[in-house]
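The values are calculated or read from the model by the stated rules, or taken from the named source; none is laboratory data. Since this is a predicted model, take the numbers as computed values, not measurements. Neighbour counts are summed over all protein chains in view; Cβ atoms, including those assigned to glycine, are modelled from backbone coordinates with ideal geometry. Keep in mind that these areas ignore ligands, DNA and RNA; they rest on the heavy atoms of the full protein, side chains included. Shrake-Rupley method; radii C 1.70, N 1.55, O 1.52, S 1.80 Å.
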Amino acid sequence: MSTVVDYVGRTVDVVAYQGSGFGGERQLTQSLGRAEDGRGMIITGIVKLGQRFILELLTEQGSMQFLPTRGCTFMTEARLGYFRNQVDVLAALSRALIGIKRNLKSEESNSDPDDERYGSVVVDSIEYVAGEVKLFLSLTSRAGAVTVVLPISVSI
Amino acid sequence: MSIAITDFNDLTPLQVAQEQAVLSTMMVESNPVLDFKRGVLHDYLALYGGMQGAKNVEEMARLQRSQSLNAVVADPTLADNDTVDNIASNFLVERDAGTKASGEVTIVIDSLVSVTVANAATFEGSGQQFVTEHSVTARTSSALLASDTDVVLVARDDDTYGFNVPVVAVVEGIASRLTAGTQVVPSTAFTHYLSSFAAEDFIGGIDEETNEELIQQFQFGISAKALSGRIHMSASLREQDLFTDLIADSIIGFGDPEMIRDQHTIWPSSLGGRVDWYVRTQDIPRTAIHTKTATLIEKTSDGFGVWQISFTRDEAPGFYDVTRIALPSSVVAGGYEITEDTRSLDMTELDNDGFLPDVETIAEGAYSRFQAAVIKFKDTDTETDSLTINVSTADYSASVRAMTNIADAQDYASARSVRNTAGDALVRAPVPCSLSISFTIELEPGQTTPDTAAIAIDLAYLVNRIDFTGRLPASALSDVVHNHLEGNAATTAIDMLGQIRKPDGTFTLLHSVELLEVPDEPENMVTSRTVAFILDPNDVAISITTADIAEV
C-alpha cells in the first residue's frame, strides 16, 4: 500500500476511475469521488500515465467541446459496430494508438518525470465474444521498469 | 447581441484555451503539487473553469464595449437594446417603439341590409392580421345612424353595397402596411359578405428603431432645438410629437445653388434669409382617397367629357400627384386619364400672426403646404349629352399621393416663437424620384424559392431610408437580396428605373443597371440634396430562374 511519503516531490492528478490496485482483473468505476466515504483519490507516476492513456482510449475524438483533438477513434468504431472479430478490434486499436501516442506526447515536456511520460504500448491479447471485447495492454513509460505508486485517498 | 452569454458555442476555442491556461497556472502556483498540465485536472476540471472564465471575460468585454459610445458607433450590434437605451438617455434621445399600421377596409355586401362588424373582428391581408378596435354597424340610410361608429352603406355600380371599417394591425412593423386595393379577408364570414379590400394605404407601421438608427439620433438629442444651424433645425423638428419618426430632412440655405428664393431682389445675387426645408416624413408617401365634386368643363366628340377637380392647399398639403380618379362606386382598379395637372400657389394668410414665407413662383412652392392644384381628367363612363358645361357636376374618388404632416411642419417652422428672426423657412416634401426595380434571382437546381415579398419589403426599406445622397447603386440592392439567398444563388439583370417629378411639373426619367444618380440641376431645385428615392414594395419585380449548370 502506498503512503503519503511516496507522493513527496511528485505532482498529482485526481483519480477518474476508482478501484485500481495491484494484480488481477479489477472492475473500475468512473467517478471522481467514492460514494462510500465521500473521499476522492490522487495518483502520481506511472498510474497517472495509465489513467491518461485510458481516458484517451475511451474518449471519442471530437466529443469534448473546445478540445476537439482529445481522444481517439477506437470507441467511435466500437459504437458504430465495426467490430466483427479480433482482427477488426486489433486494426481499430492500431489506428487509435497512433492518435493516442500523438496526444500524450504533445502534452509532455522534458521536465516531466520519465515514469509519467509515454513510452510504448503492447497489445498482449484481445478477447472477443459477442457484445464484449477485452483488451490486455502493457503500457510502458519512458522510464522502463518503475515502482508503482498506488492511489491514496484525500478529502474532496 | 445580448451581453450575457447563454451558449458556450458563442465562445471560441482560443478564448477557452486562454482562460484554461490561466486557471491551470494559477492553480499550480497556488498548489504546486497538483498536475494541471494534463490529465483529469487539466482536461476536465480546468476546462470547465476555463469555459466559465472565458464566458466572464467575454461578457465583461461586451459590457465595456456597450458602454463606450465609440464602440457602439463602430459596431452597434455589440450592445443590447437596454444598454444602448441607457447611453441614448445621456443624449436626451429615446428609442422609437414600433407602431402598428392602420387604415380602413372596404367591405362589399350583396344587398342593402344593415350589417355589423364586431369589435376585435379579425381580417387578414398580405399575410398580416388586422383587427377592429370597435364594432361598426353599416346602416341602410343616414337617418338610421345611432352612434359615432355607425356608417352608411354606399351603393356601388355593380348592384352591391360597401362600407368602410377601420382596422389596426396585430403586429407592429413595416410589414403590416397595406396598399390601397389589397385584398383583406375576414377570418369569420358574416352575412351578405362578398369581398373586402384596403380602402387606402395603411400607414403607421414602423419597426422599432434599431441601435444604428438610434445612434444617428444622438446628434439631434444634444443639439439646441432651434431654427439656426442644420443640425439644430433637424433636432427641433424631431422633438415635435408628429415628427419623432422623421425619416430624413435636407436643409437648403444661403450659399446653396438650389436656393432660389433668396434671389428675389433687383441685384443678381443671393441675399440669404431663406431656407427650403425638404422633409421626408414617411418612407413611402401615403395615398389617401378624396371624394371630390368635379365640374364638366368640356364635351368631347365621343359623347363623354373632360371634368375638373381642384385641391386647396389644405386638402392635400404638399401632395405629389393624383394617382387615380374614378367614380366612387367603381370596382375596377384603373382610373380615368388625367389630362392636365396645374399647380398654383395660395399665399393667403394662415392662422398665425400673418407670417408667410417668401414664395413667388409655383416651382418655389411646389410640394409645400402653399401648393394648390387643378386636375382635369376625361371620364369615359359618363355620357355628357344632357349635361351642361361649367354647370354639371359629379362626385369622383381621387387617390392623392403625399408626404404626411407637411402643413404641420410648416406651421411649426412659421410659428413666431420658433422661426428664425432673420428669415423664413419653407417646408417642402422632397422632390420625388419614384422607382421601379426589377431583377432576376438565379437559383441552383434544387434550391427553394426565396420569399420574394420579404425581399421587396427589405429593398423598399433600404431605398426609402437612403438619406439625401442622390445615389442608388445596384450593389446595395444586390446586397439586400443576397441576405435572402442561400448557397450560390445569384442576382442578375438588376434594372432600376426612376421618375423625378420636378418642382416645375416636368418629368425626368432615370435608368441604370449600375448606379441611379440624381441629376445636378440646382436651377430647377433638383439635386441630390432635394430629391428622395421612393420605392413601393409593389414596384419591385422579381423573376426566379434556375441556372442550367452542366455536371462536371
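Pick from B:T132, B:T83, B:T149, B:T122: which is among the β-branched types (V, I, T), touching a strand residue (DSSP E or B) at 6+ places or on another chain (Cβ under 6 Å), open to solvent by less than 60 Å² (accessible area, probe 1.4 Å) and at pLDDT below 90? Before the answer, list the steps.
On the way: B:T132 fails: at pLDDT below 90; B:T83 fails: touching a strand residue (DSSP E or B) at 6+ places or on another chain (Cβ under 6 Å); B:T122 fails: at pLDDT below 90.
Only one candidate passes the filter, namely B:T149.
Out of the residues in region B:1-15 that are more than 13 Å from chain A (Cβ to nearest Cβ) and among the aliphatic types (A, V, I, L, M), which is most open to solvent (accessible area, probe 1.4 Å)? Don't jump to the end; show me each part of the working.
Of all residues in region B:1-15, those more than 13 Å from chain A (Cβ to nearest Cβ) come to B:1-6.
When the remaining residues are screened for being among the aliphatic types (A, V, I, L, M), the result is B:1, B:3-5.
Working: B:M1: 121, B:I3: 28, B:A4: 53, B:I5: 7 Å².
Within region B:1-15, the match that is most open to solvent (accessible area, probe 1.4 Å) is B:M1.
Report whether or not A:M41 is away from every other protein chain (no Cβ under 13 Å), over 13 Å from the mean Cα position of the chain (by Cα) and not acidic (D, E). Let's see the steps before the verdict.
Numbers: away from every other protein chain (no Cβ under 13 Å): no; over 13 Å from the mean Cα position of the chain (by Cα): yes; not acidic (D, E): yes.
No; evaluated as a whole, the condition is false for this residue.
Take the residues of region A:55-78 that are within 11 Å of another protein chain (Cβ to nearest Cβ) and surrounded by 17 or more Cβ atoms within 10 Å (Cβ to Cβ): which is nearest to A:S153 (Cα to Cα)?
From region A:55-78, those within 11 Å of another protein chain (Cβ to nearest Cβ) are A:55-56, A:59, A:64-71; that's our starting set.
Next, from what is left, pick out any that are surrounded by 17 or more Cβ atoms within 10 Å (Cβ to Cβ): A:55-56, A:59, A:66-67, A:70-71.
Details: A:L55: 20, A:E56: 24, A:T59: 25, A:F66: 30, A:L67: 29, A:R70: 27, A:G71: 27 Å.
Across region A:55-78, the extreme among qualifying residues is A:L55.
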Of all residues in region A:111-135, count the ones that are open to solvent by 60 Å² or more (accessible area, probe 1.4 Å) and either in a strand (DSSP E or B) or not hydrophobic (A, V, I, L, M, F, W, C) (or both). 10
I'd like the full set of residues that are within 12 Å of chain A (Cβ to nearest Cβ) and aliphatic (A, V, I, L, M), limited to region B:22-48. B:M27, B:V28, B:V33, B:L34, B:V40, B:L41, B:L45, B:A46, B:L47
Those residues that are more than 9 Å from chain B (Cβ to nearest Cβ), surrounded by fewer than 17 Cβ atoms within 10 Å (Cβ to Cβ), touching a residue at least 40 places away in the same chain (Cβ under 8 Å) and under 30 Å from A:E127 (Cβ atoms), I need them from region A:3-38; list them, please. A:G21, A:F22, A:R34
Quick one: B:Q18 ticks every box in (1) open to solvent by less than 80 Å² (accessible area, probe 1.4 Å); (2) within 14 Å of chain A (Cβ to nearest Cβ); (3) over 21 Å from A:K48 (Cβ atoms); (4) not charged (D, E, K, R) bar one, so which box is it? (1)
Residues of region B:51-60 satisfying the condition of being in contact with a helix residue (DSSP H, G or I) (Cβ under 9 Å, 6 or more places away or on another chain) and over 22 Å from A:G33 (Cβ atoms): B:G53, B:A54, B:K55, B:N56, B:V57, B:E58
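Output the helices (runs of 4 or more DSSP H) that fall wholly within region B:394-510 and possess 2 or more residues being closer than 26 Å to B:S126 by Cα and under 18 Å from the mean Cα position of the chain (by Cα), or say none. Full working, then the answer.
Numbers: elements: B:406-414, B:452-464, B:474-482.
The helices (runs of 4 or more DSSP H) meeting that bar are B:452-464, B:474-482.
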Looking for something outside any loop (DSSP other than H, G, I, E, B), of a type in the set (D, E, K, R) and free of Cβ contacts under 8 Å to residues at least 60 places away in the same chain - is there at least one such residue anywhere in region A:63-73? no
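If I ask for residues that are polar (S, T, N, Q), touching a Ser or Thr at 6+ places or on another chain (Cβ under 9 Å) and free of Cβ contacts under 8 Å to residues at least 24 places away in the same chain, which ones from region B:125-153 would you list?
Restricting attention to region B:125-153, the residues satisfying the condition of being polar (S, T, N, Q) are B:126, B:128-129, B:132, B:135, B:137, B:140-142, B:147, B:149.
Restricting the remaining residues to those that are touching a Ser or Thr at 6+ places or on another chain (Cβ under 9 Å) gives B:126, B:128-129, B:132, B:135, B:137, B:140, B:147, B:149.
Those that are polar (S, T, N, Q), touching a Ser or Thr at 6+ places or on another chain (Cβ under 9 Å) and free of Cβ contacts under 8 Å to residues at least 24 places away in the same chain: B:S135, B:T137, B:S147, B:T149.
Is there a residue being of a type in the set (D, E), within 23 Å of A:M41 (Cβ to Cβ) and in contact with a helix residue (DSSP H, G or I) (Cβ under 8 Å, 6 or more places away or on another chain) anywhere in region A:73-84?
Step one: of region A:73-84, the residues of a type in the set (D, E) are A:77.
Okay, now just the ones that are also within 23 Å of A:M41 (Cβ to Cβ), so none.
There is no residue in region A:73-84 that is of a type in the set (D, E), within 23 Å of A:M41 (Cβ to Cβ) and in contact with a helix residue (DSSP H, G or I) (Cβ under 8 Å, 6 or more places away or on another chain).
Every residue, every condition in (1) at pLDDT 85 or above; (2) of a type in the set (S, T, N, Q); (3) touching a Lys or Arg at 6+ places or on another chain (Cβ under 6 Å), yes or no:
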| position | (1), (2), (3) |
| --- | --- |
| B:Y161 | yes, no, no |
| B:N164 | yes, yes, no |
| B:V167 | yes, no, no |
| B:H192 | yes, no, no |
| B:A198 | yes, no, no |
| B:D201 | no, no, yes |
| B:G204 | no, no, no |
| B:I222 | no, no, no |
| B:R230 | yes, no, no |
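Which of the residues that make up region B:25-39 are closer than 13 Å to A:L67 by Cβ and either open to solvent by 10 Å² or more (accessible area, probe 1.4 Å) or not in a loop (DSSP other than H, G, I, E, B) (or both)? Break it down stepwise before answering.
Step one: of region B:25-39, the residues closer than 13 Å to A:L67 by Cβ are B:38-39.
Within region B:25-39, just B:G39 meets the criteria.
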Among all residue pairs at least 6 apart or on different chains, which show Cβ distances below 7 Å where the first residue, located in region B:14-37, is without any contact (Cβ under 8 Å) to a residue 24 or more places away in the chain and the second is polar (S, T, N, Q) and assigned to a helix (DSSP H, G or I)? B:F36/B:S24
Return the residues of region A:119-143 that are farther than 14 Å from A:Q86 by Cα and in contact with a strand residue (DSSP E or B) (Cβ under 7 Å, 6 or more places away or on another chain); say none if nothing qualifies. A:G119, A:S120, A:V121, A:V122, A:L137, A:S138, A:L139, A:T140, A:S141, A:R142
What pairs can you find where one residue is in region B:49-76 and more than 14 Å from every other protein chain (Cβ to nearest Cβ), the other is open to solvent by 40 Å² or more (accessible area, probe 1.4 Å), and their Cβ atoms are less than 6 Å apart, with a gap of 6+ or different chains? B:A71/B:R65; B:P76/B:E212
From the set of residues in region B:141-181 that are part of a helix (DSSP H, G or I) and of a type in the set (G, A, S), which is nearest to B:S195 (Cα to Cα)? B:S176
Hey, B:D158 hits all of (1) of a type outside the set (S, T, N, Q); (2) farther than 19 Å from B:D96 by Cα; (3) open to solvent by 20 Å² or more (accessible area, probe 1.4 Å); (4) touching a Ser or Thr at 6+ places or on another chain (Cβ under 7 Å) but one; which does it fall short on? (4)
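Those residues that are in contact with a Lys or Arg (Cβ under 9 Å, 6 or more places away or on another chain) and either closer than 15 Å to A:S155 by Cα or at pLDDT 85 or above (or both), I need them from region A:16-41; list them, please. Outline the logic, then answer.
Of all residues in region A:16-41, those in contact with a Lys or Arg (Cβ under 9 Å, 6 or more places away or on another chain) come to A:18-20, A:25, A:33, A:40-41.
A:Q18, A:G33, A:G40, A:M41 - these are the residues of region A:16-41 that are in contact with a Lys or Arg (Cβ under 9 Å, 6 or more places away or on another chain) and either closer than 15 Å to A:S155 by Cα or at pLDDT 85 or above (or both).
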